[in-house]
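**Student:** Starting off with a structure, shown below.
The numbers here are math on the coordinates, done by the rules we state, and not lab data. Treat the numbers as computed from the prediction; the structure is a model and nothing was measured. Virtual Cβ from ideal backbone geometry, glycine too; neighbours counted across all protein chains shown.
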Amino acid sequence: MSMDRRPDDMVRITTPELADAFIAEQIDALRAQIGDKKVLLALSGGVDSSVVAAMLIKAVGDQLVCVHVNHGLLRKGEPEQVIEVFRNQMKANLIYVDATDRFLDKLAGVTDPETKRKIIGGEFIEVFAEEARKLDGIEFLAQGTIWPDILESEAGIKAHHNAGGLPEDMQFELVEPVKILFKDEVRVVGERLGLPAGMVYRQPFPGPGLGVRCPGAITRDRLEAVRESDAILRAEFAKNGLEGKVWQYFTVVPDFKSTGVKDGKRTFDWPCIIRAINTTDVMEVSVEHLSDELIDHLVSRIISEVPGINRVLFDYTPKPPATVEYE
Ligand code: XMP
């Protein structure tokens, strides 16, 4: 039986047994809804879409077509992980589109944050719709809608991105197998579906990706500095037991340069800003204070390994007054 609303008395899914029962129920409901038809899913590699993909692979196998659009603003190793987990391990029917050049060309010279967001969102829908048009016989569109999305859209806080904003002539019936779950429940279900812990318990990552961490006009070299420094930060947090403990952490490379010195020569390069925060509701955010040893180590690794960076700064500002992201 498929459910539209979370029953008031539903037990919070916190154990493998409860997750297994939910999965079994959903698989029956998905098979009943989909029959022998095809389902399309935009698979970002985030928690919600990954869990939906894993659930549908179990329920309808290769009737599911996943499309992973790489907009060039993903973190280091992300597209590779999506391909490894879903295509190689789970044998999903996965279409991988590397649209990096398309996105970065459209974004070239664009400095306004809201315009950047609109370009990224709009281009994403266009690429996804193009892929969808190439396919025959798709009747369903799967989405990783979760219960807070529905509550927020009912409260008028967030527009519920119904059907992902696809063009009017593309009509699909929606399939939303985790829509009555809270985020923590989605993670437990994802683990039981066999997804790697690193995928299921990952920190939040904004849709516009590294684009909002490369403030102002995005250039390929500065974007690469954001990606490389972010990868170092994530690796060091993992090594130091902070992964899964700190709510969100990332680097930002702003568009200004300062003087420095390396190997006896003057440099004129960007700074790299490190931000690590904790929160429960994202409305109020506190800063994670790092140890002196970790700070020193991060500074030395980033300076020596990331081209174009000659200074590392730490953002110790809570929210309010500062938002989490820089744009
Ligand atoms: P702010 O910057 O508003 O961020 O304090 C709060 C949380 O939301 C994430 N965030 C986004 N997520 N699309 C997303 O999917 C966006 O455009 C976006 N902007 C911010 C941010 O990473 C933080 O977790």
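**Student:** Testing the spin-label approximation: label points 7 Å from Cα along Cα→Cβ at T317 and T259. State their distance in nm.
**Tutor:** According to this spin-label approximation, the distance is 2.7 nm.
**Student:** When M199, M3, M283 are ordered from fewest to most other Cβ atoms inside 10 Å of their Cβ, what list results?
**Tutor:** Taking fewest neighbouring Cβ atoms as first place, the list is M283, M3, M199.
**Student:** Do the sum for the chain: with -39,500 (n - 2.57) for every DSSP H run of n ≥ 4, divided by all residues, what is the mean residue ellipticity at 222 nm, to the nearest 500 deg cm²/dmol? Before the final figure, lay out each step's value.
**Tutor:** Values: 10 runs with 123 residues, N = 327.
Result for the chain: -12000 deg cm²/dmol, rounded to the nearest 500.
**Student:** Now for a separate question. Kindly express, to the nearest 10 degrees and within the range 0 to 90, the angle between helix 113-133's C-alpha long axis and the longest C-alpha principal axis of the chain.
**Tutor:** 40
**Student:** So if R0 is 22 Å, what FRET efficiency would R12 and L151 give, r being the distance between their Cβ atoms, rounded to the nearest 0.05?
**Tutor:** Plugging the Cβ-Cβ distance into 1/(1 + (r/R0)^6) gives 0.90.
**Student:** Go through K134/K179; K134/K183; K91/K183; K58/K183; K58/K134; K116/K257 and tell me which ones have a Cα-Cα distance over 31 Å in this structure.
**Tutor:** K134/K183
**Student:** Whole Å is fine, so just give me how far the alpha carbon centre of region 168-182 lies from that of region 42-109.
**Tutor:** Result: 18 Å between the Cα centres.
**Student:** In nm, give the distance between the simple-model label positions of D136 and D20, each being 7 Å from the Cα along the Cα-to-Cβ direction.
**Tutor:** Here the modelled spin labels are 4.2 nm apart.
**Student:** OK, next. For K239, list the lysines whose Cα falls under 21 Å from its own Cα; do not include residues on the same chain fewer than 8 positions away.
**Tutor:** Here the lysines satisfying the reach criterion relative to K239 are K76.
**Student:** Still on this structure, please answer the following. Rounded to the nearest 10 degrees, what's the angle between the helix 220-239 long axis and the longest principal axis of the chain, both from Cα atoms, 0 to 90?
**Tutor:** 80
**Student:** Evaluate the Kirkwood expression for the hydrodynamic radius of region 1-122, namely the inverse of the mean inverse distance over all pairs of different C-alpha atoms, and round to one decimal in Å.
**Tutor:** 16.7
**Student:** Can you give the longest run of the chain that contains no trypsin sites (Lys or Arg not before Pro) sitting in a DSSP loop with at most 15 other Cβ atoms inside 10 Å?
**Tutor:** It works out to 159-244.
**Student:** May I pose another question? Using the alpha-carbon centroid of each, what span in Å lies between region 6-23 and region 245-264?
**Tutor:** 43
**Student:** Something else about it: How much of the DSSP bridge set in the chain is antiparallel, in percent, rounded to the nearest 5?
**Tutor:** Looking only at bridges with both residues in the chain, the antiparallel portion is about 40 percent.
**Student:** For the chain, what are Rg and Dmax over the alpha carbons, in angstrom?
**Tutor:** 20.9, 70
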